[in-house]
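A.B. asks: Quick one: structure below, then a few questions.
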Amino acid sequence: MTSIIDDIRKTARQLLTEEKVDVVIGYEKGSLPLKATPCFVRSPQDVDKLIWDETCENNLAAFVVKTPGKKAIIAKGCDSRALMVLIQENQIVRDDLYIIGVSCQGVIDQRKIEAETGEIIGATITDGKISVQGIECDKVFNFTEVKDITCQTCRYPNPVLEDVHIGGSIEVLQQATLFADVMVMENKSDSERKAYFKEQMGKCIRCYACRNVCPMCYCQECFVDCNSPKWLTGGVDSAENLLFQTGRALHLAGRCVECGACSRACPQGVDIRALSRKVNKDVKEMYNHESGLTEEVKPALNVYSADDPEAFLVKE
Amino acid sequence: MSMGECLVNTETKAFQPKIVAFLCNWCSYAGADLAGVGRFQYPATIRTIRVPCSGRINPLYILKAMANGADGVLISGCHPGDCHYMSGNYVARRKFALIDSLLKHVGLEEGRVSFSWVSAAEGVRFAEVVKGVTERVTALGPNKGVFKVEDGGGTND
Amino acid sequence: MSQSKVGAVLIVGAGIAGIQSALDLAESGYLVHLVEESSAIGGTMPMLDKTFPTNDCSMCILSPKLVECGRHLNIRIYTNSQVTKTEGEAGNFKITIKQKARFIDTEKCTGCGSCAAVCPVKVNDEFNQGIGKRKAVFKQYSQAFPNAYAIDEKNCLFQKHGQIKGKDVCKKCVEACQAGAIDHAMEDKEINIEVGSMILNPGFKVFDASKLDYYGYGKIKSVVTSLEFERLLSASGPFDGHLVRPFDQKEPQKIAWIQCVGSRNAKIDKNYCSGVCCMYAIKEAVIAKEHSHIPVDTTIFYMDMRTHGKDFEKYYESAKNQHGVKFVRSRIYEVTEATDGSGDSVIRYSTEDGKISTEQYDLVVLSVGIEPGDSSKELAKILDLKVNKFGFAELEPLSGVNTSREGIFAAGAFSGPRDIPETVMQASAAAGAVASLLSEERGTLVSEKEYPAEMQVAGDVIRTGVFICHCGVNIGSIVDVPAVVAYAQTLPTVVYATEKIYACSQDAQASIKAIISEQKLNRVVVSSCSPRTHEPLFQETLKEAGLNAHLFDMANIRDQCSWVHMKEPELATEKAKDLTKLAIIRASMQIPVQPIFMDMNHAALVIGGGVAGMTSALSLADQGYEVHLLEKAEVLGGVARRFSTGFRGEDMKAFVADLISNVNKHPKIKLHIGAEIKEVGGFLGSFTTTLVDGEQIEHGVAIITIGGQEYKPKEYFYGQDDRVKTQLELDEALVGHDSKVSAAQNFVFIQCVGSRCEENPYCSRACCTKSVKLALKVKAKNPEANVFILYRDMRTYGYFEEDYELARRSGVIFVRFSENDKPVVTKEGETLVVSVKDHVLDRPLEIEADVICLAAAIIAPEDGKKLSKWFKVPLNDEGFFLEAHMKLRPVDFSTDGVFMAGLAHSPKNTEEVIAQAKAAAGRAGVALSKEMVESAGLNAFVDKRKCTACGTCEAVCSAKAVSVDLVNRVAVVNDALCKGCGACASSCRCGAINLRGCTNEQIAAMLNSF
């Protein structure tokens, strides 16, 4: 890990010194334990702020669009997929972008730790072991125990688009079944699913943290904020929340890169992925499409085939 | 403005659902006209919104219709290959497939939202489709679904 | 020195043919003088209740055309007028028209009817076929144009008696008329005009059934003609569409139709088939069942069911199987009055097996035939035109529309019995022929319509006016129209709401215009029928009132409400309210939209170089347009190259050779022989067709004339024994003096091979006549030959009936078989034996055949699917191209700029193919005559603030109309290319791209009303 951090800093310093980029977008240590925070390094002197570890959970692609000038970005697998979609969608000019690719072991889901230790007061990470001082107790975790659920089934830990690669690459886990989580949900009864989503949506406070961290949510005006027409009343109830989350999931159809940032950002612990994963599964099964893997394969809803499935039609 | 609330009178009258029907101008709307010309009778449950093409139907329309308390939504366009605009229904088809699947996943009752292709020559079939959709929505009862906003959901009043 | 021609046309007769010709020509730059004998345009069509095979309401489909024709700037209409004299020749005719005094100034008359209310004279109403009365001052029907009354001088008391003892007789109408429109001193006028060409469509009259006294017409009250029955069915008829017997108002429960009254009757010199009566009788039977609220028993007595038109056979089958109409093949002896005092009629008839029966009916409808009207005969005489022995105008062979005089064309029943689509086809064909003749004079005499300046409505308080239509009883008898009006009045933005009996009528249009101005309306909603047919009409009215045409919406409370909820009036009323509300919401949010003009490429592409394609190409080239004629094969001519003689004895080989030579030498026609299409792009005004060899053809319109195919029979040893031939093969063998055929003694023709069956549930139309012609040819060569024609119904419509009779007289034996009991061919050794059950003798018949001729079906072209995809035009279930409207747009596709003709549309004979090909060229010529293509402007538009330039809109746009400007980071719509489908708008996550006339805001507001 140390050598990766060194290499990142070295590359960043070089890019800034040679004025190849105006800014390097990476992670620095956050003010809270186990929370890295995005940082924008504009001078070679500041490159030592950059870190790389299992707390680097943001999808930095989300910051690229709004950062002017030539920029370098530290990109995990999911960040790179997001960059790919953003390039396809004219949000980034490839020539203005320098991608420092780093393969990703996955990131920590703090909620799993806090469930045992209470609020985290301090923590250190060494050799895959996380020693946590909690408000209730101290505990040492194996990283795999607290790995974010998204990362557990990640199939693209290695960047799909990069200008330089730092560190080694990671072997992709072969999964017997893709979308096993979605299938569990699908196999539940209608009323069980309905109840589950009602409960989840009941928790949502519509703070839009999920939207704000999402690299794909770059609209000037989100449909929920639109005044003419008003798609939502503005009230917060589970029906309206579901409308928002469903609408958002549909807007992400064929574009979601499964970084999981939305779920991690949610202060209420709403299972947002339950919606996006379902759409991703359908997109994969119906159109054999996964977003952001190559520049040639366009977002699934931008294209069609004459023999697309149409099981959804009425039987009359 | 809210449509004829008097129609749901559970005690005396059978439930008469109100179903928003988005019909494309060139095929399904013409098919509905043909049903009229042929006097093929069907239940007076649909409230048609004519759109140029099924490709015009924004997924949010469906969600909003459900939120506003429509008892059902019927969406009908040209058969694949017949689109007046060449590919509007193909583009729409992907959206529809995903919406349909997602809505069921989050607990919307099967049958609330229906999709079909009806051509300008299918007057009888149009009537059949409306009959079928009406039967299913009637069996489900009034929209108390997962998207139904309690105060009626009208957002521009 | 050649005199220059006149860019004006005389059209005589303002029925559907005259109206169609007039509109086609006026729209393509010619001044039209339309002369009509009666006091209003419309002809026979307004009298009909519904039309077959779509059951469209006749008035509904006609009335927009009446209005369009009536208000067209370049159509001058002379009602109560007749042509009395003509001189000159093609290019320059001088015409004298006599216009009889109407005694009412059409400019002043508002059509209010107060004159008729006070008029004391009641006479039989001709429009209602004498059932019911009208006054001596009258209007033919409510939608009539001009929307003005007329005084019938033969019956008006003042006109008859003038003054008695120095005092005016009557003149009550003058007192009653607030508009001061009545002028009893008006005199007949003589009008002289100059035109370059003429189209004659004076129509027809129906046979006077009282001439055949065994039908009892005129003696028995319960015997009516089919046209009278139409009026009984009609919502605007004497009983408001309530089906009752005229004399005792009893609802008939048992109705019979008797076919061929005044048709197929050599004894009275009517040895032709009127062609339309079988279909209208079926239609009347079906509609009678539908109209009546008590079960009605319907029976049609017929000789042969002749349902040979497109989709007619299916209509017949559904009448039989779904509606339970009974069909009795029979011969009628007489109709007598029932002796029980009921007023009923008794029909005595014999069936095929010779059994004689009698049956009593509440009402007997005589399916009267078509014959030339008196004024048609007069007209032919004045113009010195050749007529046939029945008095119909005789057309030049294989011309479709040419009379015996150059520059004078005919359409509709003037030249013989015809149904509406055939009439409309001929009308457009005649218009095309005129446009060819006068191509240099196009645009010389026409003026352009000017509308009042458009009112600026931006920022104004929305004032919506709502008009709810009764559509006679079509809407009003189910939907509580006053309740809908009352409801509309309560809705936001609505400042005025009212009801109209027929919102589409001329007077209603005038009233809407007046109300717009009085009430300062800036939005208009009409709840009536389908916007697909009537939106343009109402939009025109808005424009005339100075409102932008798009400040408007329609609610379809007829086709999609009253007609489909006939048993639930309350729910239908609720629905009508809701639909009206939705329309009000949409209209109130409309903003003015300006049309967009695009380039027009003035070249045409004709696909298929058979007779149809060559005819279309020549017509368009003569009209002055560049034509690309594409033929897949290495030679021109199509299937007609295999024909020897036409149906009127024409030398087809010479005819086709002539066509080919004319096409070859025409400087405006570019041939692409052996050429195949790779792809087609574009739209009206700018198509690009790419050929397989890479050549690109730019064209503004396309005509599809790819022909059909002869069905390859799988039955009757076809292909296994060369004595079994198709009609085409037998014709070739006869012409080629094939020894086997020459030596043959026994010929058996089997009809309907591959037609009227499950696989192809339609009639191939031409094969009955073709077999009769071939049989006669065989008989001519070898009078001793035994010729049998095994048939299901002999469909020798029109004048072909004479051939059928001649064949019988020549000894050709006709044996009928039924669909379930088809002839069987077996081989005994080398002998072919045909077995069939003879229905007359009721026993099986076995014939040893030397030659078997199969009347193989005409089936759809094999490339239909490809062209359907490329041009985005539909096919019907059988693979033939589907026209925009079965009755009134028989050669147009609903896609602008694409037309069709010939067998690719449906089976027909060569003469009919030619008429249709000229019609397609006529219609295509109308499109090509425009300088620019005009688009309504209901296009996508971009909100730059919201757009993120993501390119989704660009990706989903099939018209390639949207592209992303990466410099300004915004999507840009090309208005010339945008077709307004809205796929971009529904795909835009940011809500940045939207669709005029169907915005997210409008839809959301409509959804909010739920």
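The values are calculated or read from the model by the stated rules, or taken from the named source; none is laboratory data. Quantities reported herein were computed from a predicted structural model and do not represent experimental measurements. Methodologically, a virtual Cβ is constructed for each residue, glycine included, from the backbone with ideal geometry; neighbour enumeration extends over all protein chains shown.
A.B. asks: Being touching a strand residue (DSSP E or B) at 6+ places or on another chain (Cβ under 9 Å), part of a loop (DSSP other than H, G, I, E, B) and either buried (at least 23 other Cβ atoms within 10 Å of the Cβ) or among the aliphatic types (A, V, I, L, M) (or both): is that true of C:ALA26 here? Lay out the reasoning, then the answer.
C.D. replies: On the way: touching a strand residue (DSSP E or B) at 6+ places or on another chain (Cβ under 9 Å): yes; part of a loop (DSSP other than H, G, I, E, B): no; either buried (at least 23 other Cβ atoms within 10 Å of the Cβ) or among the aliphatic types (A, V, I, L, M) (or both): yes.
In short, no.
A.B. asks: Can you name the helices (runs of 4 or more DSSP H) wholly within segment C:919-1010 that have at least 2 residues being facing chain B (nearest Cβ under 8 Å) and crowded, with 21+ Cβ neighbours inside 10 Å?
C.D. replies: Working: elements: C:952-956, C:983-987, C:1000-1008.
Answer list for segment C:919-1010: C:983-987, C:1000-1008.
A.B. asks: Same structure, new question: I'd like to check which helices (runs of 4 or more DSSP H) are fully inside segment B:4-122 and have at least 1 residues that are facing chain A (nearest Cβ under 10 Å).
C.D. replies: B:59-67, B:88-105
A.B. asks: How many residues does segment C:484-502 contain that are under 30 Å from C:LEU66 (Cβ atoms) and not in a loop (DSSP other than H, G, I, E, B)?
C.D. replies: Selection size over segment C:484-502: 9.
A.B. asks: Given (1) without any contact (Cβ under 8 Å) to a residue 24 or more places away in the chain; (2) assigned to a loop (DSSP other than H, G, I, E, B); (3) facing chain A (nearest Cβ under 7 Å), where does B:LYS148 come up short, assuming only one miss?
C.D. replies: Single failed check for B:LYS148: (1).
Each row is one residue, and each column tells you yes or no for (1) at the interface with another protein chain (Cβ under 8 Å from one of its Cβ atoms); (2) surrounded by 14 or more Cβ atoms within 10 Å (Cβ to Cβ).
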{"residue": "A:GLY167", "(1), (2)": "no, yes"}
{"residue": "A:SER191", "(1), (2)": "yes, no"}
{"residue": "A:PHE223", "(1), (2)": "yes, yes"}
{"residue": "A:THR233", "(1), (2)": "yes, yes"}
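A.B. asks: Would you mention how many residues in segment C:401-422 are in contact with a strand residue (DSSP E or B) (Cβ under 7 Å, 6 or more places away or on another chain), closer than 24 Å to C:LYS270 by Cβ and not in a loop (DSSP other than H, G, I, E, B)?
C.D. replies: Total satisfying the criteria: 5.
A.B. asks: Further question: Please specify each residue of segment C:807-820 satisfying the condition of being surrounded by 12 or more Cβ atoms within 10 Å (Cβ to Cβ) and either farther than 24 Å from C:ASN760 by Cβ or not β-branched (Val, Ile, Thr) (or both).
C.D. replies: Answer for segment C:807-820, where residues must be surrounded by 12 or more Cβ atoms within 10 Å (Cβ to Cβ) and either farther than 24 Å from C:ASN760 by Cβ or not β-branched (Val, Ile, Thr) (or both): C:ALA807, C:ARG808, C:SER810, C:GLY811, C:VAL812, C:ILE813, C:PHE814, C:ARG816, C:PHE817.
A.B. asks: Looking at C:GLU570, C:GLU518, C:GLU574, C:GLU535, which is the one that is acidic (Asp, Glu) and away from every other protein chain (no Cβ under 14 Å)?
C.D. replies: Working: C:GLU570 fails: away from every other protein chain (no Cβ under 14 Å); C:GLU574 fails: away from every other protein chain (no Cβ under 14 Å); C:GLU535 fails: away from every other protein chain (no Cβ under 14 Å).
On inspection, the qualifying residue turns out to be C:GLU518.
A.B. asks: Every residue in segment A:153-198 that is more than 20 Å from A:VAL279 (Cβ to Cβ), outside any loop (DSSP other than H, G, I, E, B) and without any contact (Cβ under 8 Å) to a residue 12 or more places away in the chain, please.
C.D. replies: Selection gives A:SER191, A:ALA195.
A.B. asks: Please specify each residue of segment B:38-54 satisfying the condition of being of a type in the set (A, V, I, L, M, F, W, C) and either surrounded by 23 or more Cβ atoms within 10 Å (Cβ to Cβ) or closer than 15 Å to C:MET554 by Cα (or both).
C.D. replies: B:ALA44, B:ILE46, B:ILE49, B:VAL51, B:CYS53
A.B. asks: While we're on this one: Which residues, counting only those in segment C:862-904, are assigned to a loop (DSSP other than H, G, I, E, B), within 16 Å of C:ILE703 (Cβ to Cβ), over 15 Å from the mean Cα position of the chain (by Cα) and of a type in the set (S, T, N, Q)?
C.D. replies: The one that is assigned to a loop (DSSP other than H, G, I, E, B), within 16 Å of C:ILE703 (Cβ to Cβ), over 15 Å from the mean Cα position of the chain (by Cα) and of a type in the set (S, T, N, Q): C:THR895.
A.B. asks: Kindly evaluate B:VAL129 against the criterion of being at the interface with chain A (Cβ under 7 Å from one of its Cβ atoms), in a helix (DSSP H, G or I) and out of contact with any Cys (no Cβ under 9 Å at 6 or more places or on another chain). Even if it seems obvious, please write down each step before you answer.
C.D. replies: Values: at the interface with chain A (Cβ under 7 Å from one of its Cβ atoms): yes; in a helix (DSSP H, G or I): yes; out of contact with any Cys (no Cβ under 9 Å at 6 or more places or on another chain): yes.
Taking the combined requirement at face value, the residue satisfies it.
A.B. asks: Continuing with this model, one more query. Is there a residue in segment A:171-183 that is within 14 Å of another protein chain (Cβ to nearest Cβ), small (Gly, Ala, Ser) and surrounded by fewer than 17 Cβ atoms within 10 Å (Cβ to Cβ)?
C.D. replies: no
A.B. asks: Are any residues in segment C:956-978 under 20 Å from B:PRO52 (Cα atoms) and in contact with a Cys (Cβ under 9 Å, 6 or more places away or on another chain), and if so, which ones?
C.D. replies: Across segment C:956-978, the qualifying residues are C:VAL956, C:CYS957, C:SER958, C:ALA959, C:ALA961, C:VAL962, C:VAL973, C:LEU977, C:CYS978.
A.B. asks: If I filter segment C:556-576 down to residues being buried (at least 24 other Cβ atoms within 10 Å of the Cβ) and basic (Lys, Arg), which single residue comes out as modelled with the highest pLDDT?
C.D. replies: C:LYS575
A.B. asks: Taking the condition of being in a strand (DSSP E or B), farther than 30 Å from C:ARG442 by Cβ and touching a residue at least 40 places away in the same chain (Cβ under 8 Å), how many residues in segment C:155-202 meet it? Even if it seems obvious, please write down each step before you answer.
C.D. replies: Step one: filter segment C:155-202 for residues in a strand (DSSP E or B), giving C:163-164, C:167-168, C:182, C:189-195, C:197-200.
Retained after the next criterion (residues that are farther than 30 Å from C:ARG442 by Cβ): C:163-164, C:167-168, C:182.
If we keep only those that are touching a residue at least 40 places away in the same chain (Cβ under 8 Å) as well, we get C:182.
Final tally of qualifying residues: 1.
A.B. asks: For the condition small (Gly, Ala, Ser), over 30 Å from C:LYS270 (Cβ atoms), surrounded by fewer than 19 Cβ atoms within 10 Å (Cβ to Cβ) and not assigned by TED's automatic domain parsing to the domain that holds C:GLY275, what is the one hit in C:GLY196, C:GLY132, C:GLY166?
C.D. replies: Selected residue: C:GLY166, the only one of C:GLY196, C:GLY132, C:GLY166 that is small (Gly, Ala, Ser), over 30 Å from C:LYS270 (Cβ atoms), surrounded by fewer than 19 Cβ atoms within 10 Å (Cβ to Cβ) and not assigned by TED's automatic domain parsing to the domain that holds C:GLY275.
A.B. asks: Name the residues in segment C:879-926 that are of a type in the set (Asp, Glu) and modelled with pLDDT of 95 or more, would you?
C.D. replies: Within segment C:879-926, the subset of a type in the set (Asp, Glu) is C:883, C:892, C:896, C:911-912.
Across segment C:879-926, the qualifying residues are C:GLU911, C:GLU912.
A.B. asks: Tell me the residue from B:ASN58, B:ASN89, B:ASN68 that is among the polar types (S, T, N, Q), closer than 19 Å to A:PHE223 by Cβ and in contact (Cβ under 8 Å) with a residue 60 or more places away in the chain, please.
C.D. replies: B:ASN68
A.B. asks: Which of (1) in a helix (DSSP H, G or I); (2) surrounded by 24 or more Cβ atoms within 10 Å (Cβ to Cβ); (3) under 17 Å from the mean Cα position of the chain (by Cα) is the odd one out, the single condition A:LEU15 does not satisfy?
C.D. replies: (3)
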